[in-house]
Structure formats: structure tokens, C-alpha cells
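Step one of this worksheet: look at the structure below.
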Amino acid sequence: MTPEPTSNIRFLAPIPPQFSQHQAEQAASELFGLEGTFKQLNSERDQNFRIQTDNGDYVFKISNAKEDPTAIDFQTQSLLHIARSDPSLPIPQVILTRDNHPQAFMTSADGTQHLVRVLSYLPGTILTEVPRNRALFKNVGAVIAQSGVALRGFFHAAAGYDLLWDLRHLVKLRPLTIYIEDTALRQAIERDLDYTLEHIFPRLAGLRSQIIHNDGNTHNIIVSPDNPTKVAGLVDFGDMMHAPLIFDLAVSAGSMTLDSDDPVETLCDVAAGYDSVCALENDEVNLLSHLAVGRITQELLIAAKRQADDPDAPAYVVDDQAAYRKALDQLLSLGHQHIRGRLRDACQFPTDCPTGVAVPGAKEDDIKPLLKRRQASLGKTLELAYDQPFHVVRGEGVWLYDADGRRHLDVYNNVPHVGHCHPHVVKAVSRQLATLNTNTRYLFDNVVSYAERLTATMPDGLDSCIFVNSGSEANDAAMRISRTLTGNQGAIILEDAYHGITESIDELSPAAYPGPEAPEIAARVRTLEAPNMYRGRFADNPENAARLYAESADSAIQSLAESGHGTAAFMVDSSFSSNGILSVLPGYLPAVAEKVRAAGGLIIADEVQIGFGRSGSHLWGFEAQDIIPDIVTLGKPVANGIALGVVVTTTDIREQFGTQIDFFSTFGGNPVACAAAHAVLDVVEQEGLRENAKDTGDYIRAELSRLAEQCPVIGDVRGQGLFCGVEIVRDKASKEPAADIADTIRNRLRENRVLVGREGRAGNIIKVRPPLAFRREHAEQLIKTFADVLKTLE
Ligand code: PMP
């Protein structure tokens with residue numbers, strides 16, 4: 001029985017031409033001027049002779065009269081195109097006739113015209129006859145990729161011909177599964193085929209497509225006679241068509257798995273070789289397993305059908321089926337998820353990120369072993385956020401996706417300043433990384449143009465940059481500059497400040513020691529009382545609070561003078577982040593700065609948290625506080641996740657420092673980091689992110705304040721722009737910090753897929769600090785979820 005949908009497909013090859021060897025010899029001589037020893041080759045469709053001559057070997061090809069001349073022209077033109085676009089690709093060369101045509105005609109006894117051509121013969125061994133080896137498979141992948149690249153700019157009218165070997169025909173071949181006798185295998189194949197047709201094929205529409213070779217199977221790869229790992233030829237351009245590029249790899253990799261003991265390893269080898277020449281796209285690598293299995297299924301079904309239709313079918317039609325069945329059995333029992341994971345690893349794609357419909361809990365089992373390995377390799381003390389660890393695999397804009405493909409609203413991360421994986425940044429980084437990445441001892445453009453661009457956004461005078469790799473390093477350098485230039489050792493910071501991890505900055509980071517075992521403040525460091533207008537000493541005296549809080553600088557300066565350290569610098573994070581994200585207290589920082597300067601100290605504005613527009617009102621936090629620092633330090637958001645720290649200062653300070661120390665950071669300001677940093681500024685400007693920080697931030701504070709009115713545990717809502725602190729207390733009257741409730745809120749928000757942080761010495765302040773791409777609709781989701789979570793506390 002021939003099932004209906006396949007009836008329009010031609011499965012059997014037409015009878016090949018029947019010329020005598022003598023006739024072929026004569027024609028080759030007359031038409032192409034070729035003489036030599038002729039030997040007929042096997043061909044199902046055409047009549048081919050190998051001609052051995054003193055100048056090399058050739059194939060004389062007499063086409064089947066049923067062959068469409070346009071289809072043959074398609075092959076000829078593609079070979080000519082590749083010869084022009086990539087002469088290094090080992091493919092047959094088109095030999096022209098005496099009068100410079102790529103083809104001629106021969107007439108058979110019955111008057112039928114047959115198109116004839118000559119191609120160069122590629123010496124070597126067919127892959128099936130060479131011992132299997134992994135290096136060879138990688139090279140096969142590389143050559144297939146090379147052919148795709150070479151064919152990129154090629155088109156031909158015959159490229160749309162209906163071809164049996166079009167992978168998309170699987171839909172028509174589906175009824176042929178009846179020819180698979182083994183019931184279990186047949187059912188497995190049918191299940192897989194149905195999934196592919198329903199879920200995979202619709203995704204082909206968005207893939208890059210072009211004319212492809214489409215037949216790099218084991219019979220069409222010639223291996224070098226001198227090196228069993230080297231591909232000496234890719235032949236048979238008879239199945240070319242316009243199709244998704246990935247088909248080329250699927251066809252070849254699928255074919256290479258036949259007779260493999262580890263078909264997944266073979267798929268990986270071919271894919272890795274391919275990817276090394278033509279980088280696969282994410283969707284392509286994700287679909288590859290399905291398409292390779294689909295191709296093997298296609299081979300099996302067509303062979304089974306041919307055998308059923310023609311008892312005299314060639315032996316290989318019968319023999320190959322066993323190999324197809326074995327490969328399918330192995331691959332299907334491992335499953336596509338497993339194969340996809342290994343393919344992604346082989347091509348250095350990051351951890352698989354599920355796309356499409358999320359499968360809750362599918363990957364939850366992975367968390368425990370990963371956690372165990374993390375503890376063993378990174379230490380048990382490295383804190384993880386949330387009671388239920390968040391296993392993240394992908395980011396996009398303000399969304400983070402967990403290993404099960406569920407998206408979470410990111411209301412916490414400030415490093416992806418313009419949004420996770422912003423395409424503008426990704427592109428800039430990728431292009432620069434593919435072009436040049438080196439150190440700043442060489443002259444190159446983008447570090448200079450970035451320094452110019454950055455300093456142009458700052459007040460006059462702040463016009464020289466030093467590039468390092470983190471906020472800590474920038475602060476460390478700023479303190480070194482201050483100490484070197486002032487000759488003083490003393491530093492003034494806010495109580496509970498955090499400025500980083502280097503040894504000298506650790507002294508300036510008491511917030512890193514929240515527990516009772518906190519070390520004493522270093523002898524050369526003094527801390528200022530935080531200008532806290534919720535629970536601080538002068539909270540109920542708003543008119544004089546700025547002046548009164550600033551007075552604690554007097555005693556700090558005096559104490560440093562008395563201890564002989566003097567004041568080198570006052571370092572301040574003007575978002576007062578680790579103090580619990582305080583609001584701006586107008587006049588406070590200018591008053592402190594004046595006192596510090598009078599004592600000979602420099603002012604260092606640590607913009608790691610608040611810089612690049614987060615404050616909403618200004619690009620830089622110090623502008624919102626109405627001070628002009630001597631040194632500005634930048635970290636986290638500078639390059640959207642590529643490590644970069646910057647110290648910006650005056651030319652005078654920079655030069656004085658530079659004459660005393662050869663200060664140089666190898667990675668600092670490398671071209672890739674600067675490309676990312678440029679892109680961040682582009683996006684901040686083009687997408688109006690500072691303005692958005694203001695509008696969305698104001699909205700969030702207004703809405704949270706509204707919630708606070710009805711909620712006894714929200715003591716205060718404050719901050720600037722897209723940086724808000726929500727202070728959680730036992731009750732409003734006592735203002736007793738309630739870290740446990742804050743922690744419950746944070747974890748319940750996380751359960752509801754909203755990620756926030758916790759801040760402050762007591763840990764009772766909810767930190768709302770999303771990427772600046774956080775818009776009104778995201779804020780609405782945050783507020784709604786926040787309100788829902790607060791209800792669960794009642
Ligand atoms: N300064 C401030 C205000 C910070 O918040 C941080 C990091 N949280 C740093 C400096 C240190 O930056 P990094 O972790 O990049 O060294």
C-alpha cells in the first residue's frame with residue numbers, strides 16, 4: 001500500500017544513459033580536448049567516467065535525459081561561484097569545453113540529447129572507507145560550514161525546485177513509518193516526528209536561510225590520501241536548494257553518526273567543527289538535535305520505501321537501514337534535551353536556557369547538586385540570595401529566567417544598568433572582541449573617546465581618567481591619590497559605609513562586617529553619623545539637620561589631626577546605600593565637603609551605586625547633592641557587566657599622581673570594556689533612562705508610600721530615582737527594625753517572581769534598585785506583587 005501524501009514524490013531514480021565507453025571517449029576528446037584512460041563509475045541516475053590523464057584526473061558526466069537542464073546549470077553555476085568566492089574550498093572544478101562553455105551535448109542512438117560536463121576528479125578516499133576518527137568529523141563540519149559561507153551570496157532560479165531530500169518533506173514522509181517493523185522503534189520515531197513537525201518546523205521560518213549544499217553525507221566527503229583527518233573534497237552538488245542554513249549541518253552530522261558507538265559525540269564533533277568556521281546561532285544549536293534526527297529518519301523512511309517498491313534496489317539501500325535504525329534508537333533513547341545540552345557544550349554556548357513554554361520543576365532537581373558543587377568549589381560562606389536559591393540561566397531587559405524557563409522581574413540588579421543583555425551593548429562588545437582587545441599602553445581610539453565622552457558629562461575640571469576593573473579598585477586608587485597628594489593618611493567615611501574589598505578600602509567598609517565580631521575602625525579612619533531623617537539623632541529637626549549632622553565632621557577632622565594622620569580624603573556614596581538608601585538631605589554634603597577641604601583633604605564621590613542617571617534628577621549623584629568632588633569613582637553600571645572601573649579627577653591631580661607612581665592596570669580600560677561603556681552611554685541617552693529613572697522611581701515611591709499608609713510594618717519609603725529603600729519595622733511607633741519581616745517579604749516576593757534585595761546594618765530595609773530599563777508597567781507589577789505579599793503578613 002502506498003500511503004497518499006507521498007504519492008507525488010519520486011523515489012526511484014530513472015534509468016541512466018547507455019553510451020558506450022568509446023562514444024564517451026570520442027565526445028570527451030572532441031568537446032573538451034581530453035584524452036586518457038576511461039573507467040565507468042557507479043551512478044544511479046547519470047553515466048559517469050573517470051578519465052586519467054597526464055595532467056590529473058577528471059570526471060566526464062553524461063546527464064540523464066530526464067534531468068532538467070536548469071537544475072544542472074544550478075550545480076555548474078554554484079561550483080563556479082564557490083571557485084570565485086572561496087578557492088580554498090576543496091570542491092570539483094568545472095572544466096570548460098574547447099570553446100569555453102561549462103557544458104555541451106551528446107545525442108544518443110534514439111536522438112535524445114544528453115547534457116555533458118567535465119569536473120576535476122578529487123583524489124582521496126570516500127569517508128566510509130576510512131577508519132572513523134574525531135578529528136575528521138570536526139573537519140567535515142568545518143568544510144560544510146565553509147561551503148555555506150562560500151554560497152552566501154549565490155542564487156539561482158532552480159533553488160526552489162521540489163526535492164525529495166528537502167528535510168521539510170518529512171511531513172509527506174510521515175505515513176512511511178509503516179515500513180518500520182520494530183514496533184517500539186516505530187512508535188518512538190513517530191512520536192519524535194510528530195513533535196518535530198508540530199513544534200520544530202514552525203521555528204524554521206525565522207532561521208537564516210540561503211542556498212546550501214545539503215548533502216555532505218559520508219559518501220560525498222573525500223578524505224585526503226595522505227592524512228586520514230583531512231577533508232580533501234566535498235562532492236555531489238545535486239541536492240542543493242534554498243533552505244535554512246542549519247540543514248547543511250543537520251544533514252552531514254546526522255549522516256556521520258551512522259556506525260558510531262557514540263552518536264552524540266559524533267554530532268558534537270561535526271557541530272563544533274562547523275561552529276568554528278560559521279558561528280551557530282542560539283536557535284540553530286537548539287534545533288540541531290531534532291533536525292539531525294529528522295534527517296536520519298528521512299533517510300530510513302526513503303530507503304525503506306525504495307526497498308518495498310523495488311525488490312532489486314541496490315544493496316546499500318537495504319544495508320544502510322540497519323545503521324539508521326541503530327542511530328535513531330540510540331539518539332531517541334538519550335532524548336533531545338540531553339543531546340542539546342551536549343551540543344551546546346561542544347560549541348561553548350552558555351547553559352541551556354529553556355525557551356517556549358516553561359516546565360515548572362523540570363530543572364529543580366538540578367539545584368541541589370549544583371549547590372553542593374558550589375559549596376565545595378566556592379566555599380560555604382559565599383552567601384546566596386533567598387531561602388530558595390535562584391538558579392538563573394538567562395537575562396533580557398528587566399527579566400531574569402530561571403532554569404525552568406520562568407521569568408522573574410529583576411528589581412535588584414544595577415550592574416545590567418541599561419537592561420540585561422542589551423542588544424546594543426552585546427553587539428558593541430562582540431564586534432570589539434572580534435577585532436582587538438589589548439592594554440592601554442598602546443594607542444587606540446575608544447579608550448580616549450570614552451574618556452572624553454565621560455568627562456564631558458561632568459563639571460569642568462573633572463577631565464582626566466584612570467581606568468581599572470572594579471569599584472573597589474577605583475576607590476583604592478582614589479585613596480592612594482589622596483594620600484600621595486595630600487601627604488595625609490586619614491580617611492573620613494560615613495558610618496556603615498561600603499566602598500569595596502581591597503585591603504585599604506576594607507578599612508573604609510564597615511558595612512562588610514554586620515555581625516557582632518566587627519573589627520575596630522582603623523586608627524586612620526573616622527566615621528560620620530549618617531544623615532538619617534527617619535531614625536537619626538536630628539530626624540525631628542529638619543531645618544537644622546544638615547548642619548547638625550555635618551558637625552560630626554569637625555570632630556573627625558580634629559581627631560585625625562590630633563592622631564597625626566591628618567585628613568587625606570572624605571569618601572562618600574551619595575546614595576547612602578549601605579546606610580539604608582537615605583534620601584538627599586539638602587546642604588549636608590556641601591557642609592561636610594567644605595570642612596574637609598579646609599582641613600586639606602580631597603572629596604571622593606563614590607558613584608558606583610548612584611552614577612549614570614540612577615538618581616533620576618542628574619546623571620551623577622554628587623550633582624543631586626550639590627557638590628563638586630575632586631575625584632569621582634565609577635564601577636558596577638559603567639559597562640553593563642563587563643568589568644570596568646574608572647577614576648575621574650582633575651588634570652592637575654592626575655599629573656601630580658602620575659609623576660610619582662607608574663600606575664597602570666593591565667585590563668583597565670581595555671577596548672572591549674570601553675566599547676561596552678560607550679554603548680551604555682548611548683543607551684542611557686537614546687532611551688532616556690535618566691528621565692525614566694525619575695518618572696518610574698517617583699511612581700514607585702508614591703505607590704509604596706500609599707501602601708505604607710495601610711501597612712503597619714512599613715516605617716519609611718525613601719531614596720532617589722530608581723533607588724528606593726523601604727524600611728520595615730515591628731511597628732510605626734517603636735520603629736524597631738524588623739529584619740525577619742523584611743526577609744519574609746523579600747523571600748515571598750521571590751516566590752512570586754519579583755527579585756528585590758535587603759539593605760542596612762539591621763538588614764530591615766528592602767532594596768529596590770532595578771536596571772534603569774525598568775518602566776511603568778514593570779513598576780506596576782512590582783507594586784501589585786508587593787501589595788499581595790504584604791497581605792500575606794496579616
Ligand atoms: N562602592 C560602593 C558604593 C559599592 O556599593 C560597591 C559594591 N557594592 C563598591 C564600591 C565596590 O565595587 P566592586 O564590587 O565592583 O569592587
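Taken together, the values in this text are just the output of simple stated rules run on the coordinates, not laboratory data. Because the structure is predicted, anything quoted here is derived from the model rather than measured. Note: ideal-geometry Cβ built from the backbone for every residue, glycine included; neighbour counts use all protein chains shown.
Note: relative contact order over the range 584-624, using C-alpha pairs below 8 Å and six or more positions apart, is 25 percent.
Normalised by 2.2 N^0.38 Å, where N counts its residues, the alpha-carbon radius of gyration of the range 37-120 equals 1.12. The residues C724, C465, when put in order of fewest to most other Cβ atoms within 10 Å, stand as C465, C724. Put simply, the amide H of E736, placed in the peptide plane, has neighbours under 5 Å in R730, D731, leaving out anything fewer than 5 places away on its chain.
With a Förster radius of 25 Å applied to the C-beta separation of E655 and E594, the computed FRET efficiency comes to 0.45.
Between helix 545-562 and the chain there is an angle of about 90 degrees, using the helix long axis and the longest principal axis of the Cα atoms. Here, the range 391-549 has an Rg and a Dmax of 21.0, 59 Å when only alpha carbons are counted.
Take every pair of alpha-carbon atoms less than 8 Å apart whose residues are at least six positions apart; their mean separation over the length of the chain yields a relative contact order of 10 percent. Ignoring lysines fewer than eight residues from K694 along the same chain, the ones with Cα atoms less than 19 angstrom from its Cα are K767.
Using just its DSSP H runs of length 4 or more, each adding -39500 (n - 2.57), the chain gives a mean residue ellipticity at 222 nm of -12500 deg cm²/dmol after division by all residues. So what is log10(I(q)/I(0)) for the range 191-342 at q = 0.08, 0.12 1/Å, when the Debye sum runs over its Cα atoms only? Listed by q, the Debye log ratios stand at -0.22, -0.52. For the range 513-609, the relative contact order is 29 percent, taking Cα pairs closer than 8 Å that sit 6 or more residues apart in sequence and dividing their mean separation by the residue count. What number comes out for the charge environment of V277, summing +1 per Lys or Arg and -1 per Asp or Glu over other residues with Cβ under 11 Å away? Within the 11 Å Cβ shell, the charges total -1. With neighbours defined as other Cβ atoms within 10 Å of a residue's Cβ, the residues T649, T183, T128, T177 order from fewest to most as T183, T128, T177, T649. Summing Lys, Arg as +1 and Asp, Glu as -1, what charge do residues with Cβ under 13 Å from the Cβ of N541 carry, N541 excluded? Here the count lands on -1.
Since only V293, Q103, P369 are under comparison, the one whose Cα sits farthest along the positive direction of the charge dipole of the chain, derived from C-beta charges on Lys, Arg, Asp and Glu, is P369. The DSSP beta bridges internal to the chain are antiparallel in roughly 80% of cases. A simple spin-label model places the labels of D698 and R134 6.2 nm from each other, with each point 7 Å out along Cα-to-Cβ. For K230, a cut-off of 29 angstrom between C-alpha atoms picks up these lysines, skipping any fewer than 8 places away in its own chain: K39, K61, K138, K326.
For the range 46-92, chymotrypsin sites (Phe, Trp or Tyr not before Pro) are listed when DSSP marks them as loop and at most 11 other Cβ atoms sit within 10 Å of their Cβ; the list is empty. Shown for S63, S255, S470, S563: other C-beta atoms within 10 Å of each C-beta, ranked fewest to most, produce the order S563, S470, S63, S255.
Which whole-percent values make up P(r) of the range 664-763 when all C-alpha to C-alpha distances are grouped in 5 Å steps starting at zero? Final binned percentages: 3, 11, 14, 17, 15, 11, 10, 9, 6, 3, 1.
Converting the Cα gyration tensor eigenvalues of the chain into ellipsoid dimensions via √(5λ) gives semi-axes, longest first, of 70, 31, 20 Å.
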